[in-house]
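Accompanying notes for the structure given below.
The values are calculated or read from the model by the stated rules, or taken from the named source; none is laboratory data. All values reported here derive from a predicted model rather than from experimental measurement. In this analysis, Cβ positions are derived from the backbone assuming ideal geometry, glycine residues included, and neighbour counts consider all displayed protein chains.
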2 protein chains.
Amino acid sequence: MSSETTPKSVLDPSKPIRVQMEALIRAKQAEITAGLESQETKEGVKFHADEWTRDTANGKGKGGGGRSMVIQGGETFEKGGVNISIVHGELTPAALISMKSNHKSFRTNKKSGEGDNDNDELLPKRFFAAGLSMVIHPVNPHCPTTHLNYRYFEVGRRAGKGEDEDELEEPECWWFGGGADLTPSYLYEEDAKLFHTEHKKALDEFDPSYYPRFKKWCDEYFYIAHRGETRGIGGIFFDDFDELPAQKCLEMAERCFDAFLPSYLPIIEKRKSIVATEEEKQWQLVRRGRYVEFNLVYDRGTKFGLQTPGSRIESILMSLPVNASWLYNHSPEAGSREEKLVKVCQKPVEWA
Amino acid sequence: MSSETTPKSVLDPSKPIRVQMEALIRAKQAEITAGLESQETKEGVKFHADEWTRDTANGKGKGGGGRSMVIQGGETFEKGGVNISIVHGELTPAALISMKSNHKSFRTNKKSGEGDNDNDELLPKRFFAAGLSMVIHPVNPHCPTTHLNYRYFEVGRRAGKGEDEDELEEPECWWFGGGADLTPSYLYEEDAKLFHTEHKKALDEFDPSYYPRFKKWCDEYFYIAHRGETRGIGGIFFDDFDELPAQKCLEMAERCFDAFLPSYLPIIEKRKSIVATEEEKQWQLVRRGRYVEFNLVYDRGTKFGLQTPGSRIESILMSLPVNASWLYNHSPEAGSREEKLVKVCQKPVEWA
């Protein structure tokens, strides 16, 4: 893949951001699953789609839905999912309060000078969220696991005109979030460089300060505190992002999406036929145990999903590997390739 | 095992509760590991001990320690640990506040009429905690995983006389907690009845209301909310327990400890030689995935341990199975033995 084959933009600035974001994630789901399938050699193993709809907590009206695309049991890919969700509904006052502390741009319904009526502030609001989230666990211990997620969130004016009225007017606030990162069991420096360089190129088109910031943010976010290790060798991560005009943010998300396949497929192509030893497979299982630890103990998206009544557990836990292992007091030998990987997780490296 | 072989009490009421508790857990660690080893058929596979010491957060002075005993790679037992810890130190004001909301009996340093000096209340206090905690994952899918934990906690007068002065005077408050529970992959009703009946007998000696209360508490505590399932088929669980005089509580803990081997060894004896199919082994891996989900997402002890600087991660995560599996959209066939197990996890049964 070279820049000549970068897909044409699917964005249409004449449409609202949320409509363009939905079109973007639908297109990227199709493109990424097709790209990954091109590396799967086992006859008949393809991504399969499950459509799902979300019911709102009170059971009234529809809350949107999504499309999970899952591949399982391949020769190249042990398990992988590329999910999109487009959901909307009412934010409870409690959710609103918790969001306000996280999102600096959040504005309340109050106009300046309207006084301190806190009850007014706590009326329910409408939200809209659309995102694509992907986790890919390859079979071969020399092929890295990867994760990608880009999402758009907006919060609108107070609800209350009617149950079926799901459309938002102009959002009161909005933000983008997401990123992509790599989790190898064995470190190939050229792979780390490729993955980081492709994502740096994407972000540099918008602001040269973004890659260094988002790279650091990624190392900080995907951190397994109780192990003193990052989950993998990082990539990029950002949240609450509204520093550019929304249309520009959308372009950035599209560009980041487009960085993924050229940063990952060449690695799979190169590593998928390496003959792995039993020891290497066992080490991969141990590293997958770490992946499970991060996702269940720290990942905000997973925790939020598990706590949200009515969320689709299969889609949330699709991120977990088929198999993971925990051995008591296991640690790699000094000077081994396994230890080399652990060391870059203990002390992140600049790859691009 | 019959009641004739119930071990003699190791308690000595002339000594402080914490000294007796330490003696109790040391004796029970030896007894339980020996009992379990009697079921292990693989040559040379025994429990191995690791002694560890805990450094206090500020690095000054000693915070106690423990002894982890671990068995791994047997024919009967895939992985199991029986750990004791006896730790003491200073409670930060933040920990104190969070404990106060959980423990009704907590009293502050203030004497009645001393006024509302909140700063005074928030001076550091000494704590002492001693407990035994065990998780056993057998190899055979027809042998249930089991977990047991009994612990004693006390909080004493303000610290400040000197760094090495670890002894508490009379505790201002204290409590016991713990329980034992069973997590089968396949349901054998007679096993469930045995396990519950033995624990009911132990508690009935103290108060006939305890077993029904602690059985329900167990079902409620070991609940995987996002799955709508209990972790296993329950047992007993209690916390913040100070309803009896401390010496009586200690006797109850001893009696509960003594209920364990007679409630578990006969099951292992009976099931360990069943020839399991590949499908049964796969189902066991899926159920172990649920075990990991509970321990990493919900278990208070695990979460607290992972958040505590300086805690021994290997001892905390020893509870995790060697292998666990997550399959996308996996659910047992209608009418199968696998479904039968899921049903009792969705709707707990009265076994004794």
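Here are B:Glu114, B:Glu90, B:Glu37: which of them is of a type in the set (Asp, Glu) and modelled with pLDDT of 90 or more?
B:Glu37
Could you please find all residues in segment B:270-301 being of a type in the set (Phe, Trp, Tyr) and over 25 Å from B:Leu36 (Cβ atoms)?
B:Tyr298
May I ask you to say which residue of B:Val286, B:Val297 is within 13 Å of chain A (Cβ to nearest Cβ), aliphatic (A, V, I, L, M) and either under 20 Å from the mean Cα position of the chain (by Cα) or not in a helix (DSSP H, G or I) (or both)?
Matching residue, one of B:Val286, B:Val297: B:Val297.
May I ask you to list pairs of residues, at least six apart or on different chains, whose Cβ atoms are under 6 Å apart, with the first in segment B:215-231 being within 18 Å of B:Lys193 (Cα to Cα) and touching a residue at least 60 places away in the same chain (Cβ under 8 Å) and the second being surrounded by fewer than 20 Cβ atoms within 10 Å (Cβ to Cβ) and among the hydroxyl-bearing types (Ser, Thr, Tyr)?
Matching pairs, first to second residue: B:Thr230/B:Tyr223.
Looking at (1) part of a strand (DSSP E or B); (2) without any contact (Cβ under 8 Å) to a residue 12 or more places away in the chain; (3) not β-branched (Val, Ile, Thr), which one does B:Asp239 not meet, given that it meets all the others?
B:Asp239 satisfies all of (1) part of a strand (DSSP E or B); (2) without any contact (Cβ under 8 Å) to a residue 12 or more places away in the chain; (3) not β-branched (Val, Ile, Thr) except (2).
Considering every residue within segment B:47-59, establish whether at least one is outside any strand (DSSP E or B), within 21 Å of B:Ser263 (Cα to Cα) and modelled with pLDDT of 95 or more.
The answer is yes, given that some residue of segment B:47-59 is outside any strand (DSSP E or B), within 21 Å of B:Ser263 (Cα to Cα) and modelled with pLDDT of 95 or more.
Go through the residues of segment B:318-335 one by one and say whether even a single one is over 15 Å from A:Glu293 (Cβ atoms), of a type in the set (Ser, Thr, Tyr), at the interface with another protein chain (Cβ under 10 Å from one of its Cβ atoms) and in contact (Cβ under 8 Å) with a residue 40 or more places away in the chain.
Yes, the conditions are met somewhere in segment B:318-335.
In the set A:Phe304, A:Phe294, which member is over 23 Å from B:Ile136 (Cα atoms) and without any contact (Cβ under 8 Å) to a residue 60 or more places away in the chain?
A:Phe304
Any chance you could count how many residues in segment A:152-200 are at pLDDT 95 or above, outside any helix (DSSP H, G or I) and of a type in the set (D, E, K, R)?
Summing the residues that are at pLDDT 95 or above, outside any helix (DSSP H, G or I) and of a type in the set (D, E, K, R) in segment A:152-200 gives 1.
Which numbered condition in (1) loosely packed, with under 14 Cβ neighbours inside 10 Å; (2) aliphatic (A, V, I, L, M); (3) not in a loop (DSSP other than H, G, I, E, B) is the only one that B:Ile316 fails?
Among (1) loosely packed, with under 14 Cβ neighbours inside 10 Å; (2) aliphatic (A, V, I, L, M); (3) not in a loop (DSSP other than H, G, I, E, B), the lone unmet condition for B:Ile316 is (1).
Does B:Lys303 qualify as being among the basic types (Lys, Arg) and either assigned to a loop (DSSP other than H, G, I, E, B) or within 16 Å of B:Gly232 (Cβ to Cβ) (or both)?
When the stated conditions are applied, B:Lys303 does not pass them.
Please tell me if A:Pro208 is away from every other protein chain (no Cβ under 14 Å), over 17 Å from the mean Cα position of the chain (by Cα) and not in a helix (DSSP H, G or I).
Against the criterion (away from every other protein chain (no Cβ under 14 Å), over 17 Å from the mean Cα position of the chain (by Cα) and not in a helix (DSSP H, G or I)), A:Pro208 qualifies.
Could you grab me the full set of residues in segment A:24-46 that are out of contact with any Phe, Trp or Tyr (no Cβ under 7 Å at 6 or more places or on another chain), in a loop (DSSP other than H, G, I, E, B) and within 18 Å of A:Cys143 (Cβ to Cβ)?
Matches in segment A:24-46: A:Ser38, A:Gln39, A:Thr41, A:Lys42, A:Val45.
Tally time: how many residues in segment A:258-308 are of a type in the set (Gly, Ala, Ser), modelled with pLDDT of 95 or more and under 26 Å from B:Ile316 (Cα atoms)?
1
If you go through segment A:315-345 one residue at a time, how many are modelled with pLDDT under 95, of a type outside the set (Gly, Ala, Ser) and under 23 Å from B:Gln282 (Cβ atoms)?
4
Search segment A:300-313 for residues being of a type in the set (A, V, I, L, M, F, W, C) and at the interface with chain B (Cβ under 9 Å from one of its Cβ atoms), and hand back the single one that is surrounded by the most Cβ atoms within 10 Å (Cβ to Cβ).
It comes out as A:Leu306.
So for segment A:71-80 (the condition being in contact with a His (Cβ under 9 Å, 6 or more places away or on another chain), closer than 30 Å to A:Glu269 by Cα, modelled with pLDDT of 80 or more and of a type in the set (S, T, N, Q)), does at least one residue qualify?
yes
Go over the candidates B:Glu338, B:Glu269, B:Glu279 one by one and state the one that is exposed (fewer than 15 other Cβ atoms within 10 Å of the Cβ), among the charged types (D, E, K, R) and closer than 22 Å to B:Ala192 by Cα.
Result: B:Glu269 is the single residue among B:Glu338, B:Glu269, B:Glu279 that is exposed (fewer than 15 other Cβ atoms within 10 Å of the Cβ), among the charged types (D, E, K, R) and closer than 22 Å to B:Ala192 by Cα.
Go over the candidates B:Leu250, B:Leu261, B:Leu244 one by one and state the one that is assigned to a loop (DSSP other than H, G, I, E, B) and farther than 27 Å from B:Lys347 by Cβ.
B:Leu244
Please find, within segment B:212-266, the residue that is nearest to the other protein chains (Cβ to nearest Cβ) out of those that are crowded, with 21+ Cβ neighbours inside 10 Å and of a type in the set (Val, Ile, Thr).
Among those that are crowded, with 21+ Cβ neighbours inside 10 Å and of a type in the set (Val, Ile, Thr), it is B:Thr230.
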